[in-house]
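Written below as structure tokens is the structure these notes are about.
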Amino acid sequence: QEEADQQLETLLAQPVGRARWLVGRLVLAACAATVVSLAAGLAAWAGASATGSPISLPRLLEAGLNALPAGLLFLGAAALAYGLAPRASSALSYGLVTLAFLWQLVGSVLTLPHWLLVATPFAHVGLLPAQPFRAGAAAVMIGGGAVAALVAAGAVRPRDQTGA
């Protein structure tokens, strides 16, 4: 929106290319998501400790980080939406997260077939600490998010004012 309203014109007309600008923002967002995930695990541990639960801090930090791969997948998808359709990127990004969440929630309630339920990334997140961490699914989600982010960086490059 800022780009459409010409509010980013000064920043994006500088020698910093849009691809580099976008990658910088994505790295910052990924770091922030990691901090929030760790904070959630720490808060869960503090709550469990306050009630006398014998669960360990490392296990709940792992549980906090467990949702991070899905978040990074959605971050990459949002970047791709920005790269391909900047004006519609917010609606596409939030719509995708909402659709995936509702698909998982409603599908579980309606007991849809398993092959339909696994169409959402949320179905591939292990329910830690009760279930084990699903490293394969996490790697696929992180890889998918990274590929989408790289494609997005390539998609915004032609919008540079100069060859930065």
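At least 3 residues that are within 26 Å of Ala155 (Cα to Cα), modelled with pLDDT of 95 or more and open to solvent by 50 Å² or more (accessible area, probe 1.4 Å) in each: list the helices (runs of 4 or more DSSP H) lying fully within region 1-78 that qualify.
Values: elements: 9-12, 18-50, 57-66.
Where helices (runs of 4 or more DSSP H) fall fully within region 1-78 and carry at least 3 residues being within 26 Å of Ala155 (Cα to Cα), modelled with pLDDT of 95 or more and open to solvent by 50 Å² or more (accessible area, probe 1.4 Å), they are 18-50.
Here's a check for you: in region 99-123, which residue that is over 19 Å from Ala148 (Cα atoms) and among the β-branched types (Val, Ile, Thr) is least open to solvent (accessible area, probe 1.4 Å)? Show your work before the answer.
Of all residues in region 99-123, those over 19 Å from Ala148 (Cα atoms) come to 101-118, 123.
If we keep only those that are among the β-branched types (Val, Ile, Thr) too, we end up with 106, 109, 111, 118.
Working: Val106: 70, Val109: 108, Thr111: 111, Val118: 50 Å².
Checking each candidate, the answer is Val118.
When you go through (1) over 17 Å from Ala67 (Cβ atoms); (2) in contact with a Ser or Thr (Cβ under 7 Å, 6 or more places away or on another chain); (3) not aromatic (Phe, Trp, Tyr) one by one for Gly107, which number turns out not to apply?
If we test Gly107 against (1) over 17 Å from Ala67 (Cβ atoms); (2) in contact with a Ser or Thr (Cβ under 7 Å, 6 or more places away or on another chain); (3) not aromatic (Phe, Trp, Tyr), just (2) comes out false.
Could you say whether any residue in region 87-98 is part of a helix (DSSP H, G or I) and in contact (Cβ under 8 Å) with a residue 24 or more places away in the chain? Explain how you work it out, then say what you get.
Here is the first cut: in region 87-98, the residues part of a helix (DSSP H, G or I) are 87-98.
Right, trim to in contact (Cβ under 8 Å) with a residue 24 or more places away in the chain and you get 87, 90.
Yes, region 87-98 has at least one match.
Return the total of residues in region 79-90 being over 14 Å from the mean Cα position of the chain (by Cα) and surrounded by fewer than 18 Cβ atoms within 10 Å (Cβ to Cβ).
Number of matching residues: 5.
Being on the phi < 0 side of the Ramachandran plot and surrounded by 13 or more Cβ atoms within 10 Å (Cβ to Cβ) is the requirement here; does Gly126 meet it?
On the way: on the phi < 0 side of the Ramachandran plot: yes; surrounded by 13 or more Cβ atoms within 10 Å (Cβ to Cβ): yes.
Yes: the conditions hold for Gly126.
Out of (1) surrounded by 19 or more Cβ atoms within 10 Å (Cβ to Cβ); (2) within 16 Å of the chain's Cα centre (by Cα), the odd one out for Ser93 is which?
(1)
The values are calculated or read from the model by the stated rules, or taken from the named source; none is laboratory data. Keep in mind the model is a prediction, meaning the values are calculated, not measured. Backbone-built Cβ (ideal geometry, glycine too); neighbour counts: all protein chains shown. Surface accessibility is based on the protein's heavy atoms, side chains included, excluding ligands, DNA and RNA. Shrake-Rupley method; radii C 1.70, N 1.55, O 1.52, S 1.80 Å.
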